[in-house]
1. Provide the packing ranking of 478-490, 350-362, i.e. peptides ordered by the mean count of other C-beta atoms within 10 Å per residue, highest first.
2. Do any of 289/473; 68/127; 420/468; 75/384; 26/468; 75/468 go past 26 Å between their Cα atoms, and which?
3. What is the distance in Å between the Cα centroid of segment 44-114 and that of segment 376-394?
4. Take each of the peptides 93-100, 461-468, average the number of other beta-carbon atoms within 10 Å over its residues, and list them starting from the highest.
5. Can you tell me what the convex hull of the Cα atoms of segment 392-496 projects to on average, as an area in nm²?
6. Taking the Cβ of residue 103 as the center, what net charge do the other residues with Cβ under 12 Å away carry, scoring Lys and Arg +1 and Asp and Glu -1?
7. For a quick protection proxy, order the peptides 384-393, 66-75, 430-439 by their average other-Cβ count within 10 Å, most packed first.
8. Return the long-range amide H neighbours of residue 437 (sequence gap of 5 or more, or a different chain), with a cut-off of under 5 Å between placed amide H atoms.
Amino acid sequence: MNKKVSILVLSLSLCCTSINAQEVQKSDLQKKAEAAQTVPAARYEYIRAYEDYAGKGQLQQAVECGAKAASLYSKDGLHKEAFELLRGIDQTINSKVQGVSAAGFHYYVTKERLQMYMKFRKPDSAKEQLKVMETLANTSNDEKVKDDLLYSKAIYYYTFGLNAQGDAVFKEMANKLTASKEYDKVDEVYKQLIANGRKSNNANMVAQSYSNYIAWKDSTNALKHADEIAGLKKQIADNEAAIEEKDSSLTTRWVIIVGLLILAGALAAALVVGGVILLRFILQTRKQKKIINLEKDNNALKAKFISNISAQLDPTLEKLDSTKPEVKALLNFSEHIQTLSQLENSSDEIEKEDVQIPPFCEGLMDQIRDKVKQDVTLKVNAPKMTMEMNKEYVSHILLHLLTNAAEYTPEGGTIWLEYKKRSAHTHQFIISDTGCGIPEEKREDIFKPFLEIRDLTKGDGLGLPICKQMALKMNGDLEIDPEFTKGTRFVLDLHS
């Protein structure tokens with residue numbers, strides 16, 4: 001069995017050995033976590049589900065939800081919190097069960113640590129976790145856990161370029177596939193592997209999976225035909241032996257032979273039809289692969305093309321009368337396009353500096369005092385603290401939001417700028433106003449650029465998309481608070 005077939009065994013092992021929540025009824029908390037729209041909300045609900053399951057002694061569900069919450073912590077860059085949560089899960093397991101029963105649960109907690117270290121590209125730390133997993137798998141004496149260990153080893157070896165060791169693991173798993181011959185189940189798992197690659201935006205995994213799937217189909221088709229032919233031969237042999245043993249009449253013999261010939265003909269026809277369908281699927285799959293690669297290249301070219309057009313227009317626009325509103329709007333639009341393109345395509349690391357929060361917030365509020373309407377109250381709530389941030393990006397975002405608030409807040413209204421420290425590594429800037437608010441049906445689109453044709457003299461609609469990209473570049477996010485109904489409230493989350 002070659003390496004391509006072995007990859008299939010790898011994905012089959014993953015699906016068969018993971019903690020399967022579908023085998024038991026999910027709690028309302030877990031369902032709420034799975035339906036959450038944002039990572040912080042999902043993480044919060046998974047932690048609640050973990051604590052609820054642990055309190056009820058349902059360790060399988062508790063470990064699954066706890067590991068998922070740790071994964072979401074890591075996704076947001078909160079690695080310290082992720083490791084603390086995993087330590088807490090281990091303590092919970094120890095308080096509930098001991099010995100062989102606990103080993104299987106500790107295995108999946110350790111597996112989450114392994115995945116995090118592989119994400120950090122720390123081979124030595126990942127290797128230590130792999131050794132712990134091997135000990136736990138042997139202690140548990142659970143074949144499903146041992147199968148999952150093979151999968152984890154293969155992922156580790158190929159992640160860090162240890163291809164020879166990875167090939168050895170694949171070979172071991174291929175032997176299990178040869179004995180099982182669960183071709184239909186394997187086909188479903190391979191499709192799931194491709195879907196997982198798409199979901200994680202791993203183009204290499206999708207491309208390799210497609211290639212391996214096509215090769216596996218070719219080789220498996222031959223194996224299935226051989227099995228079917230062998231089965232047919234056995235059936236013929238058994239029938240002939242039965243005929244000889246019973247010493248039946250010649251007529252009965254011919255009836256059976258004719259029946260078998262018809263069966264063989266039907267099987268041959270089915271194999272031909274199956275071959276045609278398989279060929280069409282292979283051609284369609286290859287076409288889809290080319291389309292995916294073409295669309296990816298086109299998107300990159302579009303972004304570069306738009307940025308180049310904007311840059312080439314600047315020298316001409318600068319020669320025009322910038323005092324005219326139309327020319328000024330075009331210049332601002334060109335600048336915004338270049339800024340947005342740079343933010344979306346730049347991979348440069350964001351520089352940070354220590355900033356005193358109170359004077360920083362007061363300084364931003366002072367910049368809009370001459371822009372507000374009569375009797376508008378400006379309030380700042382910022383405790384005496386220091387935060388490490390990219391001052392340029394944070395200032396740009398908050399000043400843009402404050403300027404918008406000044407424009408849309410009526411006479412006698414109020415504008416707030418608040419700072420809150422939500423956790424050791426999570427910070428929030430909150431800007432609220434008592435203006436007319438943003439209609440609910442438009443809230444999902446305000447951070448998306450180029451959705452409608454606009455009069456540029458009245459704004460190009462790129463301000464909030466640029467702010468959103470800046471927040472994401474800082475490992476944060478910018479959202480509208482849907483629960484605030486007395487105007488508009490924006491929340492800027494930052495993680496240090």
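Bear in mind that the values in this text are calculations on the coordinates, not laboratory data. All values reported here derive from a predicted model rather than from experimental measurement. Neighbour counts run over all protein chains shown; Cβ positions are idealised from the backbone, glycine included.
1. 478-490, 350-362
2. 289/473; 75/384; 26/468
3. 36 Å
4. 461-468, 93-100
5. If I average the Cα hull's projected area over directions, I get 7.2 nm².
6. -2
7. 66-75, 430-439, 384-393
8. Answer set, sorted by chain and number: 488.
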